1. Given the options S205, G165, V142, identify the residue whose Cα lies farthest towards the positive end of the charge dipole of the stretch 92-235 (+1 on Cβ of Lys, Arg; -1 on Cβ of Asp, Glu).
2. Any idea which of T287, G246, G235 is furthest toward the positive side of the dipole for the chain, if Lys and Arg beta-carbons carry +1 and Asp and Glu beta-carbons -1?
3. List the lysines whose Cα sits under 28 Å from the Cα of K161, skipping any in the same chain fewer than 8 residues away.
4. Run through every distinct alpha carbon pair of the stretch 1-118 and return the Kirkwood hydrodynamic radius in angstroms, one decimal place.
5. Which value, in Å² and to the nearest 10, is the accessible area of D68 when all protein chains are kept and the probe is 1.4 Å?
6. If one takes the longest principal axis of the Cα atoms in the chain, at what angle in degrees, from 0 to 90 and to the nearest 10, does the Cα axis of helix 18-39 lie?
7. If you plug each phi of the stretch 117-122 into the Karplus form 6.51 cos²θ - 1.76 cosθ + 1.60 with θ = phi - 60°, what whole-Hz ³J(HN,Hα) values come out, in order, with x for Gly and Pro?
8. When the Debye formula is applied to the Cα atoms of the stretch 18-65, each taken as the same point scatterer, what base-10 log of I(q)/I(0) results at q = 0.15, 0.26 Å⁻¹?
Amino acid sequence: MNLFVFEYFSAGAMAGTPLAQSATPEGQAMLNALLRDFTGLDGCRTMTCLAPGMEVPHADEITVVSGDWEAAFDSLATRADYALVIAPEADGCLADLSRRALAAGTKLLGCSPESILAASDKGACARLFAEAGIDAPETVPVTRQTLDAAAREMGFPVVVKPTSGQDCDGVSLISGPEDLDRALALLDGHESMLLQRYQPGVNASASILVCGNDVTPLSLNGQRIEPGIPFAYKGGSTPLIHPQSGAALDLAVRAAKLIPGLAGFVGLDMILTDDGCMVIEVNPRVTVAYSGVSRSLDANLAEAILNAAVHGVLPGTFGTGRRIEFDKGGRDV
């Protein structure tokens with residue numbers, strides 16, 4: 001079986017931009033962890049493409065990109081039986097690349113393009129959660145012109161973010177009117193955005209495996225996030241032991257089942273408090289938490305992803321894993 005694992009920033013997409021400089025360490029962490037796990041499976045031949053100078057991961061075939069990463073993507077996808085694609089959700093990038101892989105004749109080890117678009121629309125997801133009784137922060141759509149009035153009406157502090165995005169890109173904590181201009185500067189080019197009521201608490205992510213209507217929780221993970229203009233992701237830990245751990249995983253499963261077409265490894269960002277938990281958003285792809293969860297659990301997650309896609313079978317419950325703490329690049333701390 002030829003398996004193509006693609007990570008957008010490691011392949012050199014958006015090279016030289018501030019976003020690529022910020023996101024590449026996380027991208028490399030995900031790519032390296034996935035290739036390490038898939039390469040260890042019998043009968044699985046792994047392929048990937050990398051920009052020059054990137055850390056060389058475990059893989060049976062590595063194409064060094066000489067400027068045109070899209071040509072490398074097409075070439076490898078055409079020869080692959082399965083593809084696992086990691087890319088930003090913003091501007092439909094992940095959905096478009098997933099469609100491109102399918103058009104090349106390969107099968108996906110991840111979410112359908114339609115479910116990626118549904119999960120990537122944070123405003124639509126907020127409405128979906130509200131209708132289903134899923135606890136989530138109050139969220140309202142705003143424009144550059146209406147943000148000030150809406151923030152004052154909601155009451156500071158508030159969070160402003162793009163309607164679709166990844167990581168902490170463009171996400172800001174606004175403590176008062178004096179912060180509005182700086183937050184808007186990070187959203188240059190965005191006319192529409194989302195305003196959310198700020199919910200203090202423990203930053204967490206839920207890692208789950210999805211296959212059809214079935215969902216298996218993997219782990220609840222801690223996230224080291226510094227709120228500010230912008231928010232900054234510093235790394236994480238797994239498992240997260242918290243009084244709301246069980247409730248949080250149950251809530252993540254309920255939220256994921258609201259979006260048809262999710263598949264494989266999916267992450268959900270959450271907030272935990274002493275007396276409850278909230279879903280912030282759904283990440284319809286492998287997240288950087290995989291680099292920790294895959295080493296924490298006594299199982300090969302790559303094999304579980306493959307079994308879900310090829311055989312339609314999810315593993316049973318996973319036990320609590322050993323403690324792993326990792327930085328933004330997936331390295332132990």
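1. Of S205, G165, V142, it is S205.
2. With unit charges placed on the Cβ atoms, the residue in question is G246.
3. Correct list for K161: K122, K234, K257, K328.
4. 14.1
5. Near enough 90 Å² of accessible area.
6. The two axes meet at around 40 degrees.
7. Each residue's phi maps through the Karplus curve to give 5, 5, 6, 6, 7, 5 Hz.
8. Taken in order of the listed q values, log10 I(q)/I(0) reads -0.40, -0.98.
The values are calculated or read from the model by the stated rules, or taken from the named source; none is laboratory data. Keep in mind the model is a prediction, meaning the values are calculated, not measured. Backbone-built Cβ (ideal geometry, glycine too); neighbour counts: all protein chains shown. For the accessible areas, the whole protein counts, side chains as well, though only heavy atoms, and no ligand, DNA or RNA atoms are used. Shrake-Rupley method; radii C 1.70, N 1.55, O 1.52, S 1.80 Å.
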